Amino acid sequence: MRQFVIDELSPMERDNIDSYLKRTLTAGPMIGLYWIVLTHDLLSEAQQGHEDHGPFYLAVEVEQYRVRFELLVRSHSNLHCSCIAHATPIQRQFVLDYIDRMVQEEMINS
C-alpha cells in the first residue's frame with residue numbers, strides 16, 4: 001500500500017501527534033484511527049460521479065512509535081468501486097501539506 005510514515009517517534013511526540021489528530025480530524029471506528037475527509041473540490045472525477053458513496057477519506061493510523069498516512073482514498077459506504085483509488089496528485093499534496101503543518105505545529109523532530 002502507498003503510505004507516508006513518520007517513525008521513530010518518542011512517546012511525547014506520539015502523544016502530541018495523537019492529540020493533534022484528535023483536534024483536527026474525524027475519529028475512526030477504533031482507537032488510534034483517524035480519517036482525513038476530502039472536500040468536494042479535492043475529489044477525483046470518478047469520486048465526484050459517485051458522491052453517494054461518500055464521504056471519501058484517507059486513513060491515518062497512530063501506532064506505538066509511528067504514524068501512517070495511507071494514500072488510498074476510501075469510501076465510507078462502498079469497498080469495491082472505481083471511486084476507491086490511490087490519491088491523485090492534488091489529494092496527495094493536500095495530505096503532505098497537512099503533515100507539514102502537523103510536524104511544524106507539534107515540533108516533531110523524528
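Just so it is clear, none of the values below were taken in a lab; they were calculated from the coordinates. This one's a predicted model, so the numbers in the text were calculated from it and none came from an experiment. So basically every Cβ, Gly included, is an ideal-geometry build from the backbone, and we count neighbours across all protein chains shown.
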Task: Filter result (crowded, with 17+ Cβ neighbours inside 10 Å, part of a helix (DSSP H, G or I) and aliphatic (A, V, I, L, M)) within segment 79-98 - done: Val95
Task: Residue in segment 60-77 that is farthest from Gln48 (Cα to Cα), counting only those that are surrounded by 15 or more Cβ atoms within 10 Å (Cβ to Cβ) and without any contact (Cβ under 8 Å) to a residue 40 or more places away in the chain - done: Glu61
Task: Residue match in segment 47-58 (condition: of a type in the set (Gly, Ala, Ser), in a loop (DSSP other than H, G, I, E, B) and in contact with a strand residue (DSSP E or B) (Cβ under 6 Å, 6 or more places away or on another chain)) - done: no
- [ ] Could you tell me whether any residue of segment 54-68 is under 13 Å from the mean Cα position of the chain (by Cα) and on the phi > 0 side of the Ramachandran plot?
- [x] no
Task: In segment 4-36, the residues that are exposed (fewer than 11 other Cβ atoms within 10 Å of the Cβ) and not hydrophobic (A, V, I, L, M, F, W, C) - done: Asp7, Glu8, Pro11, Arg23, Pro29
